[in-house]
Each structure stands twice: as C-alpha cells, then as structure tokens.
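The values are calculated or read from the model by the stated rules, or taken from the named source; none is laboratory data. Bear in mind the structure is a predicted one, so any value in this text is a computation, not a measurement. FYI the Cβ positions are ideal-geometry reconstructions off the backbone, even for glycines, and counts take in every protein chain you see. Ligands, DNA and RNA are stripped out before the accessible areas are found, and what is left, the full protein with its side chains, is counted by its heavy atoms. Shrake-Rupley method; radii C 1.70, N 1.55, O 1.52, S 1.80 Å.
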Amino acid sequence: SSVSLLVFSLSQASCLCGSASCLLSSCCPSTYNSTISRLAFSFLLLLGTLVSIIMILPGMEDHLKKIPGFCKSDSIISGTVNCDVIVGYKSVYRMCFAMACFFFLFSIIMIRVRSSKDPRAAIQNGFWFFKFLALVGITVGAFFIPDGTFTTVWYYFGVVGSFIFIIIQLILLVDFAHSWNQSWLEKAENGNSKCWYAALLSFTVVHYALAFTAVVLFYVFYTTADGCVAHKVFISLNLLFCIAVSIVAILPKVQEAQPSSGLLQASLISLYTMYVTWSAMTNNPDKQCNPSLLSLVQASSPTPAPGPTAAPGNVQWWDAQGIVGLIIFLFCTLYASIRSSNNTQVNKLMQTEDGQGLTADYEAAAGEDGVRRAVDNEEEGVTYSYSFFHFSLLLASLYIMMTLTNWYKPNSDYESMQTSMPAVWVKICSSWLGLALYLWTLVAPLVLPDRDFS
C-alpha cells in the first residue's frame, strides 16, 4: 500500500540517523554544536522532499489510488480531471502538510528559548530517533485526512507560505553574497590582491551577463509585438529595479557606511530576480506569452475531449524552472544550516547571531586524555532563534509543495493544473519585496544613523 511505501521510504533514513548517533546523542545534550541540530532538521526536510518526489513519479498512481477517498473529489467524479493525474498531487499535499505540522509544533515549543540551559534545548538538540518516529506518525496520519475541503484550504496556505519563503531565499542569497565578498576582500588584503580582485570582478561580470542575457531572451520568447503587456511590464520593471539597486550599492555614502557592499551582491541578486521573473512567466496560462506550455500539452490532443480520460495520464513537474527552483531550494536550505555571517541587518532578519555557524571558529575543549570533544556553544545564549528556524522550515515545506505540484489549484481542469495566475503574481510580488529588502540593507545605516549597523 501507499502508506507502507511511505514508511519504507522514510525508514531508509533511520540508518543515517543511527550512524550519526554519536554526534546527535539525546543522552548527552550538553555535548553538541548548534549547527549539527540545524543540519539534522534540514535532513528531515530533504527526506520528506525526496518522498514527495517519489510520489509523483510515473507508475506510483496505481498504488496511491488505493488510498480511501483520493479519487472522489468533484472534479474527478465529473470527469474534468483524471484520477491518475491528480492522485500524486494530493499525496504531495499530505506529505508536505505532515512536514509543516512537524516544524510548526517545534516552532511553538521553542518560543523564547534563550540558552541551552533551558530544558527545551535538550529536545531541540537531541532525541532524534523519537523525532523521526513523530514525523513518520504525523505523515501516516495525514494520509487518512478526508479529502473534502482539505486540499483547497491547504492550497492557500501554500501560496502564502511560498511567497514568504521566496523572500527568505533572496535574503539568504544576499547574506551569501555578502559573506563571499567579505571573505575574498580579506584574502585580497592579505595575499595576492590582483588575483582575488580579478576573481571578484569575473564573477560579477558573469552574473550581470547572465542576467542581461535572460532579459533579452525574455523579450524574445515571452512577449509578442501586439500582446503580453504584463510580461513586458514585469521584465522592464525588474530590469530597472536591478539597475537601481546596483547603482545604490556603489554610491560613495553607502560605501562609506558599508565598505563590504558592492556589485557582487547586486549582481547575484539581479540574477536571482531574473530567475523569479522567468519562473513567474512560465505560470502564465496565456499560451502566446508562455512558449513553455507547448511542451506540456500533448500534440495529439490539442483540444481535450470531455470524459475521465480527457487529461493525460500524468503531469510532469520536472520542467526547467521546477528543477532550477529545487536546486536553489537545496542550496538555501543547506546554507541556512551552516551559515556564519557578520551582516547585522541580515542577521536581524534571520534571527541569528553574528559569526555563528559551521564556518565559525570554535575551540573544542580537550579532556584529561587529550582528546578534543564537542562543546556546548550555547550556554550563555542561543546562536539562532530555534523557533524562527523551524518556522523557516515550515515555509520551505509549503514552497516544496507548490513547486512539485506546479502551483496546482484543487478542483481545476487539466489545463489550469499546468499554470496559475495567482502563482504569477505571488512570484513577481515576492521579487519586488525581496529587492526592497535588499535595498533596505544598503540604505539602513543612512536612514537611521543613530542605530548601530556595523
């Protein structure tokens, strides 16, 4: 059965959890590093993502249709949508619902944990076997939720959560670019300056070249001479906004307040903004403005006939923008777990302390036998907000749900399953808000001179 398959897939990770028991010991909560805990929770999220991908692979629908109630929604009964198409999406909804509930529970439990002396810190940093069992239990229970209005209501949660997570991704990219720029500038000062400055310049030029190439391709393939006004507006506005933030990043006053700010960060943000713009345009239901739709609709039946077999037997999520989205998601999830930054504005937004992460320098304590052991680096105060970290993983679960299901809106016909105007506006608005947040990190020291942004 599908539930057995689900438990089997999840159980494959149990050996990994067991092999890491020496690092993630629940009986010795005082000997941990906070980064290990973040990596372990991220591993659970990635495990759930892998299971979700398995559920929408071709051939899985025969097993998933056995779940009671999955093929009894109005759209399936009326023949608008084939059950073989929709059952995988419904399964992804439930898997991601289970992950969201799991991380929401921990987000609530960990509110206002100040240091590892708090008893709840032991739950955060240990008892991994029981956490794994809890996730499996919630997942199995989620598959017994009656269909009804569940999928429709959860869709709107997914839209809002994805909107916020796209912004978080951009914030993490800002932080990554800041740390990258700062690291190479320090190496340039201490070593071969010409080499490191040339490397910074090369990556900056490549980022801008890719962003500009994307703009040209957008105008060529995603607009027409007489139509696609919305796409023209999206492309033009985001191009102007990227130019604006790039200029602001190198203004003398901004450079004086933030010496580490520069075009490397602005170029990476510009490239990411163009990706979000492209991702939004691929969700436009207007075929003339979205050529990617041509590869999704079967050529043999351009006008689907009514009836239960009108839709194709499966829907592919692994289009280009979906794959790129998953790659960026994986990068941001890993980086969020190991990040070590001195960017004060970003750290305040992400609820973390300066210079804390896997790359931070910790001096492990040596015992009487001379062996260095892991130490508790949070006795005086936590290095990141436990609650906010779990909330971020909750949003990541919703983002994965929407990405794997092509922003599918429940009870839609087949063609509407491929595209969605709400997805277009969610992505475009998140790109605008993300650029505004990046602009704020640049001008905040000038706007609020009394605040310490060093």
Is the shape of segment 75-196 rounded, prolate or oblate, going by the alpha carbon gyration tensor and its root eigenvalues a ≥ b ≥ c, with a/c under 1.5 for rounded and a/b larger than b/c for prolate? oblate
Suppose all protein chains stay in the model; what accessible area per residue would a 1.4 Å probe give for segment 121-279, in Å²? 46 Å²
If packing is taken as the average count of other Cβ atoms within 10 Å, what order do 423-436, 139-152 fall into, highest mean first? 423-436, 139-152
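For segment 250-293, with all protein chains present and a 1.4 Å probe, just round the carbon and sulfur fraction of the accessible area to a whole percent. Spell out each step's value before the answer.
Values: 1000 of 1580 Å².
The C+S portion of the solvent-accessible surface of segment 250-293 is 63 percent.
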What part of the accessible area of segment 179-237, given as a whole %, is carbon or sulfur when the probe is 1.4 angstrom? 69 percent
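Of 86, 243, which has the most accessible area with a 1.4 Å probe, and how do the rest follow in descending order?
Values: 86 0, 243 85 Å².
Greatest to least solvent exposure: 243, 86.
Any of 253/427; 287/409; 65/409 with alpha carbons more than 24 Å apart? Name them for me.
Details: 253/427 32 Å; 287/409 19 Å; 65/409 19 Å.
From 253/427; 287/409; 65/409, over 24 Å: 253/427.
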Leaving ligands, DNA and RNA out of it, report the carbon-plus-sulfur percent of the accessible area of segment 89-170 at a 1.4 Å probe. 80 percent
